[in-house]
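Derivation of every value follows stated rules applied to the coordinates shown; laboratory data play no part. Fair warning: this is a prediction, and the values are worked out from it, not measured in the lab. Neighbour counts run over all protein chains shown; Cβ positions are idealised from the backbone, glycine included.
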Amino acid sequence: MRSGSRRFILNNGIEDRFYDRYSREEVERQRMEMITGYGEEPGQVFVSVGNLVPFKDYFTVLRALRKYDRLANFYYLIIGEGPMREEIERKISEYGLGGRVLLTGRIDNVVEYLRIGDCLIHSSRGEGISNAILEAMYAGLPIIATDVGGIPETVFPASSMLFPYKDHEALYRCLIKLPELKVTFNPDAEDYKMHLERFSVEKMITRFEEIIGAVMSDRKRPA
């Protein structure tokens, strides 16, 4: 085999800091500090992390939440910035979700927002191994995401629900089922921890060393 003819996959590793979690009491305290109106009207907290671009399809999420707003109190935190901000803000206003949806812009403390969430919503059109999903999983959040790309192999089945891209009705049904999922999901279960270990920084370092070894071995072989 000629050098360079092999292909390797190396995912980004997730840092240990995302594994630290707040107590229930600390979650409530932080929510009241970070979310305007939460103290007067508590509710579920959904989080999305991603640039404000068409690829991320925030409009499908907003359409589902407009319908969900009739059933339960919630807050939706969108972490990211991009060229579609004004369009997204207009849609939030059109749907009457102004008091429910917060656009944080680009922030450095993403992990603090994940720690106060009840669920990560990921509506992307396509994805490899999503860092946003992995970081949320390390923070102990259930995942509701599009059934595309590498997402099905990234999520842990017992703590996730997948929906077809742009299907806001399917997403709405996932939101309805979320409380039931949270009752059965245990982020401290051994099988969940073993799943996350596949994406740790240490595991990726080991994989990188294996790739380097394989490449060097190939170079030593006769052409």
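Within the stretch 64-104, how many residues are surrounded by fewer than 19 Cβ atoms within 10 Å (Cβ to Cβ), aliphatic (A, V, I, L, M), in contact with a helix residue (DSSP H, G or I) (Cβ under 8 Å, 6 or more places away or on another chain) and under 20 Å from Arg31 (Cα atoms)?
Of the residues in the stretch 64-104, 2 are surrounded by fewer than 19 Cβ atoms within 10 Å (Cβ to Cβ), aliphatic (A, V, I, L, M), in contact with a helix residue (DSSP H, G or I) (Cβ under 8 Å, 6 or more places away or on another chain) and under 20 Å from Arg31 (Cα atoms).
Tell me whether the stretch 131-154 contains one or more residues that are over 17 Å from Gln44 (Cα atoms), touching a Phe, Trp or Tyr at 6+ places or on another chain (Cβ under 7 Å) and in a loop (DSSP other than H, G, I, E, B).
Yes, some residue in the stretch 131-154 is over 17 Å from Gln44 (Cα atoms), touching a Phe, Trp or Tyr at 6+ places or on another chain (Cβ under 7 Å) and in a loop (DSSP other than H, G, I, E, B).
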